[in-house]
């Protein structure tokens, strides 16, 4: 199974208490999302299931792909590693899954999967993509990091 973790692009900061879920992308974030989406559209299989947090900034990031996606409540900013993996149906999904989500959950999920169960506060940059692959080798399975990309590398 492939699990692709895509952090939302640059978003407007809250300077006063407000609705975090309503924060939109900045113009820089829109450019970042478009750049990364262009690359993803070249490499993602058509069968990829795309899931996005209900937050406006992740919805806008996912919309840059111009593909159908599902809003997944378990990917909200207060989501957990367990909720992300449940939404993605890890490790049993028959198709690749692209998750458009938030820090720290994306970094925690990457560390959990790549270290074999240790949750560490790894950071995924805004608009960054970490492509993880579960592969079978010699009767056992392992998770490998297939690719890391950011808008500045495309």
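The values are calculated or read from the model by the stated rules, or taken from the named source; none is laboratory data. All figures in this text were calculated on a predicted structure; none of them were measured in a lab. Note that each Cβ is placed from the backbone with ideal geometry, even for glycine, and that neighbours are counted across all protein chains shown.
For residue 77, the requirement of being surrounded by fewer than 16 Cβ atoms within 10 Å (Cβ to Cβ), farther than 25 Å from residue 135 by Cβ, touching a helix residue (DSSP H, G or I) at 6+ places or on another chain (Cβ under 7 Å) and at pLDDT 95 or above is not met. Restricting 86, 37, 62 to residues that are touching a helix residue (DSSP H, G or I) at 6+ places or on another chain (Cβ under 9 Å), without any contact (Cβ under 8 Å) to a residue 24 or more places away in the chain, surrounded by 12 or more Cβ atoms within 10 Å (Cβ to Cβ) and part of a helix (DSSP H, G or I) narrows the list to 86.
The rows are residues; the columns are (1) over 20 Å from residue 107 (Cα atoms); (2) at pLDDT 95 or above; (3) touching a strand residue (DSSP E or B) at 6+ places or on another chain (Cβ under 9 Å).
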site: 19; (1), (2), (3): yes, no, no
site: 30; (1), (2), (3): yes, yes, no
site: 33; (1), (2), (3): no, yes, yes
site: 40; (1), (2), (3): no, yes, yes
site: 50; (1), (2), (3): no, yes, yes
site: 55; (1), (2), (3): no, yes, yes
site: 67; (1), (2), (3): yes, yes, yes
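One residue stands out in region 119-154 among those that are within 20 Å of residue 75 (Cα to Cα) and without any contact (Cβ under 8 Å) to a residue 60 or more places away in the chain: the one that is surrounded by the most Cβ atoms within 10 Å (Cβ to Cβ), namely 122.
Taking residue 32, is it without any contact (Cβ under 8 Å) to a residue 12 or more places away in the chain, over 21 Å from residue 114 (Cβ atoms) and in a helix (DSSP H, G or I)?
On the way: without any contact (Cβ under 8 Å) to a residue 12 or more places away in the chain: no; over 21 Å from residue 114 (Cβ atoms): yes; in a helix (DSSP H, G or I): yes.
No.
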